[in-house]
Every structure is written in structure tokens, then in C-alpha cells.
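I have placed the structure first, in the form of C-alpha cells, so that the comments after it can refer back to it.
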Amino acid sequence: MTTERYTRFQPCYVLRDNDIPCIIWGEDAVAYYGVPTVVFTFYILVPDIDKAANILIQRGWHLEDNARSKFGNDPLSSAHRRLMPPIDMTENIRIQPSRGPPPPPSKLPPGPTMTILLPAPEWHFTFPSVFEGFFPPLPALLDALIDRLLDNDPLANEIWSHLATLIAYLYSYVPALKEKSFAEYLKYEHRQYHYDTLSGMGTATFPFVRHQRKVRDALRDGNHLLCDCSANQDDESLFTAKVEERVRALNASSFSPEEYEIGKLRQEEYEPDCSD
């Protein structure tokens, strides 16, 4: 049994000690690549969620009602197992009330928390024959998230927005993804997604997801040639920057800077002097 006790990653050590492959997923996975995101629920990909859950239950984890499970802030209705850590673990990390200012943020890893096991096949992740560590390679992480996003209709799938957000975070904070050449590490059918993201398309939208699904299917069928951008840049349903600029302009103050300053002076003239 591992000596790495009472850490957030404890379920992974337990599973590995029992020869169960596992990969850290969700916010923890993108944070590993430099995304400054907060982590809450601990998500793990495993080949068989029931087998993995039974191992954790034998080590003191408790199976919980799946009805309250979420992926990010969205309800998680697909296959998963929701478990809470052993009570003795959670007791060791309770925060005691104290007076005065709050303490500085801890530099220690977060303690044990709710763990959700996800089936790796449904999340398009294939475990390599030889793999050490708990974090997915960046290309495999991005490929899996893109496939999961495009396999579901945004109008029918509650978690699409969180998937789109995780992908957008990676593109915002991981330097390697700002390079066009990174496409070579992705599945062929996802390379246009990469090029289109770099072209400036608004990615976390219904039109973008629907467009990318059509492009991916066309690549699979051999009916699309890769290019720098797969859509007309005048299409404002996909290139949303101009729309956002117009919205900001409509919400901007109707007064010029000079008029604003004159208004402030006049207001001060009529305000009573309460200094006496």
C-alpha cells in the first residue's frame, strides 16, 4: 500500500496499487498544464467504473447517490460512480473556526474530496500499453475533450458548455496550443478544429460546435481538405468578435469624456457641504 496518504490524489494511488489504470481528468488535468483554475470534484478516467469503485469501497470510500453529480456546474447524466473518501480522511482536513484575519492560502495539495469515476471509453481515452503517472498527455487530453464535445448535440447535452470551457482554457493558457504545428500531434480529424480555433472563431458557441461536428465528419469521410480556416470570416455566427464589439459599444456611456467631467462638476456644486 502506498505511503502517499491523505492527499487529493489518494484514489489514484489506491487504484494503481490494485493494478487499475487511471487518469486524472477535469479541472485537475487542465491545471496540470498551467491553467489557473479552481478544483472541486476529483474526476478520474478508468477502464471499468464498477471494478474501480469496488476497490475504493474496500478501502473505505462510500458510494453516493449519482443524482447530485455534476461535471463542472452542469448535471452529469452519463455513466459514472460518485464516491466520498473515508471519514477519517475528511476529519483530518476540517477547518477549525478562528478569530482574526484568515490564514494565507495553503501551499499543500488539496485534501481528499468527492471522487467521480468516469468510463474511459465513453470519454474517448485509450490507455497506452505502458504508461506511468496519472496525468494525460496533452494531445490525448485535447483529442478526448474535442471528441466528447462534438459527439453530443449542444441543445441536448448539459455538459457541453463545461467541455467547451475546458478546451478554451487550454488554448488560452498553454503556449504549445498557440502554435499551428501542434496539429501534427492531434488526431487527423481534429486538426481543422485546431486551425479554426487559431483563426479567431468564437469557440464556446452552439454554431461553432455544430460547424466543427460537420467538419470532423467530413474529414472522417475524406470530403474535406485541411486549411487555415474552414469558414468565411464574415460569418458572424462563427466569428463573434465583431458582434461583441457592437454589444460593448451599445453598453458604453453615451456621454463624451468632456461631458462626463462637466456633469461631475455640476453635481458637486449642488451637493451640501457637511464638513461643518
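Taken together, the values in this text are just the output of simple stated rules run on the coordinates, not laboratory data. Here the structure is a predicted model, which means the values were calculated and not measured. Positions of Cβ are backbone-derived with ideal geometry, glycine not excepted, and every protein chain shown enters the neighbour counts.
State which entries of K70/K178; K178/K214; K178/K242; K70/K180; K187/K242 exceed 26 angstrom in Cα-Cα distance in the structure shown. Kindly include the intermediate steps, with their values, before the conclusion.
On the way: K70/K178 30 Å; K178/K214 23 Å; K178/K242 22 Å; K70/K180 33 Å; K187/K242 31 Å.
In this structure, K70/K178; K70/K180; K187/K242 exceed 26 Å between Cα atoms.
Can you pull the one-decimal nm distance between simple spin-label points at A218 and F206, each 7 Å off the Cα toward Cβ?
The two pseudo-label positions are separated by 2.2 nm.
So what is the relative contact order for segment 10-70, in percent, with contacts set as C-alpha pairs under 8 Å and at least six apart? The partial results should precede the final answer.
Values: 47 pairs, mean separation 20.4, N = 61.
Reported as a whole number, the value is 33 percent.
At 0.36 nm per residue, and after removing the present C-alpha to C-alpha distance, how many nm does the segment from F40 to K242 gain when stretched out fully? Don't jump to the answer; show the numbers that get you there.
On the way: separation 202, 0.36 × 202 = 72.72 nm, distance 3.49 nm.
Once the chain is fully extended between F40 and K242, it gains 69.2 nm.
Using a 10 Å cut-off around each Cβ, can you sort Y193, Y185, Y43 from fewest to most neighbouring Cβ atoms? Show your work: numbers first, answer last.
On the way: Y193 28, Y185 16, Y43 23.
If I rank by nearby Cβ atoms, fewest first, I get Y185, Y43, Y193.
Report ³J(HN,Hα) in whole Hz for each residue of segment 199-206, in order, from the Karplus equation J = 6.51 cos²θ - 1.76 cosθ + 1.60 where θ = phi - 60°; Gly and Pro get x.
6, x, 5, x, 7, 8, 10, 4
When ranked by the protection proxy of mean other Cβ atoms within 10 Å per residue, highest first, what sequence do the peptides 169-176, 216-223 form? Could you put the intermediate results ahead of the total?
Values: 169-176: 15.2, 216-223: 13.4.
Highest to lowest by the protection proxy: 169-176, 216-223.
List I87, I24, I57 from most exposed to least, where exposure is judged by having the fewest other Cβ atoms within 10 Å.
Working: I87 10, I24 22, I57 13.
In order of increasing Cβ crowding within 10 Å: I87, I57, I24.
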